[in-house]
Each structure stands twice: as C-alpha cells, then as structure tokens.
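K.L.:
Just dropping this structure here.
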Amino acid sequence: MHVVAIDGPAGSGKSSVSKSAAARLYFGYLDTGAAYRALTWAALKANLDAEKLTESWLQEYFDYSISLDPNDYWVKVAGLDLTEKIRETYIAESVSAYARQPLVRKFMLETTKSLVNQCNLAGIIVEGRDITTVVLPDAQTRILLTASPEVRLERRSKELTSGADALNQVTQRDKSDSQIVDFMHPAPGVTLIDSTHMDFDETVAKVIATITSDRR
C-alpha cells in the first residue's frame, strides 16, 4: 500500500485537496484532524478540561470511528454521527487546548497508525499536522501543502459565515500549532507545494503528480 502523508497549516486546503486526490486515485482518505475535533466535542460534552483528560478516559469512553472512503465520509463517536457537528466554531476554538496535550497526541498517533493499517486499498492519503515528521515519517510520499497567510485567510473566510471567525481561527491555530510543529517549512525529504497562486484543481493535480512520480 502506498502511504501519502500531507501536512499543512489552517486554511491551506489540505483536507479538500487530499480528499479529492484520494478519490481520483481510488485511495483511502484519513483526516486526522477530525479525531482531535471529535475528542474535543466528547470532552466538552463530559465537562472535561484538557488538563483533566486521562488515558483511561481516552481508552474507555472515547469510542471513535471514521470512514476511510473519500466518497462516503463520516465521523462518529459512540455511534453518533458528528461529521458536521465537529466543524462548528466552538469546536475549532477549543481544539488546540486538547491537541497540545502529550497524552492526547500519543493516543492520536496510535489511532492514526491503526486506521492506516485497516485500509485495504492500493493507497491512502493521511492529512493533518506533523504527519510527515512524527506520525508517518516513513510514508512513501510526504507533502507539505501551504499558502500565504492572506490566501489561507481568504479560503477559510469562504467556509465560515463570519470573517472575524476566519481571522481568529487562522491566526490562533497558527500561533498554537507553531508551538508543536513547524508547518511552514518542509523537513528533509518532504515535497513543498505552495498553492498561493494555484486554484483548487491545479493544486489537486500537483499533489496527484507528486504521488504518481513516487509510485514509479
């Protein structure tokens, strides 16, 4: 199986680009950020602050599942479909507090590797943060997908009803996540794709071309 790891900051388009590329290649697709958002939803519902999370709670009460099919994407916790719910603003505003916890990151790393191993297709595209360096450093294709802050803000604004929400999400996620991982500069062996001056289809085509080249 050909494993593709894609990193990128907020608003870089990595989710939509990765999903489209996976569908065109008949690969599986894994959005690792969905797990962090789903965990945030579950923890908030249980009134658990990030610092109060325990390994036993993660193992026993966070019953997480996600589709690996880019054409039939869903996210569930305890059988409840949260595909749309985890995209709400209050989740985006809270997720970094949970994501920066070492206990959570260790759990998510194990979860991601387990999900990748479950894929029985020719390949899988895994996208998120620090995927190319920490989670899947041995992936056959590793890509850092980025764009200028202005372009990322514009793209995120189109996804939300409030421009203020977009500005807050992009700037706060950049500030918080930069304390954990360098998502603006590719590590050795990682291909940089800057989509600042590319539209969506051009970016997808560039990602597919990179994967195809690595498969030869």
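The values are calculated or read from the model by the stated rules, or taken from the named source; none is laboratory data. Owing to the predicted nature of the structure, the values given are computational and were not obtained by experimental measurement. Positions of Cβ are generated from backbone atoms using ideal geometry, with glycine treated the same way; all protein chains shown enter the neighbour counts.
K.L.:
Here are some residues: Leu39, Leu48. Which one is free of Cβ contacts under 8 Å to residues at least 12 places away in the same chain, more than 30 Å from Thr210 (Cβ to Cβ) and surrounded by 15 or more Cβ atoms within 10 Å (Cβ to Cβ)?
P.N.:
Exactly one of Leu39, Leu48 is free of Cβ contacts under 8 Å to residues at least 12 places away in the same chain, more than 30 Å from Thr210 (Cβ to Cβ) and surrounded by 15 or more Cβ atoms within 10 Å (Cβ to Cβ), namely Leu48.
K.L.:
Hey, among the residues in the stretch 51-82 that are crowded, with 19+ Cβ neighbours inside 10 Å and assigned to a loop (DSSP other than H, G, I, E, B), which one's farthest from the chain's Cα centre (by Cα)?
P.N.:
Checking each candidate, the answer is Leu53.
K.L.:
Take the residues in the stretch 4-18 that are within 8 Å of Leu145 (Cα to Cα) and under 9 Å from the mean Cα position of the chain (by Cα); name whichever of them is surrounded by the fewest Cβ atoms within 10 Å (Cβ to Cβ).
P.N.:
Gly8
K.L.:
Just need a number here: residues in the stretch 19-41 that are in a helix (DSSP H, G or I) and within 15 Å of the chain's Cα centre (by Cα).
P.N.:
Within the stretch 19-41, the first condition is being in a helix (DSSP H, G or I), and the residues that meet it are 19-25, 32-41.
This time we only want the ones that are within 15 Å of the chain's Cα centre (by Cα), so: 19-22, 32-40.
Number of matching residues: 13.
K.L.:
Please indicate, with yes or no, whether at least one residue in the stretch 3-18 is of a type outside the set (D, E, K, R), more than 18 Å from Ile193 (Cβ to Cβ), assigned to a strand (DSSP E or B) and modelled with pLDDT of 95 or more.
P.N.:
no
K.L.:
Being of a type in the set (Gly, Ala, Ser) and modelled with pLDDT of 95 or more narrows it down to one residue among Ala209, Ala166; which is it?
P.N.:
So the residue among Ala209, Ala166 that is of a type in the set (Gly, Ala, Ser) and modelled with pLDDT of 95 or more is Ala209.
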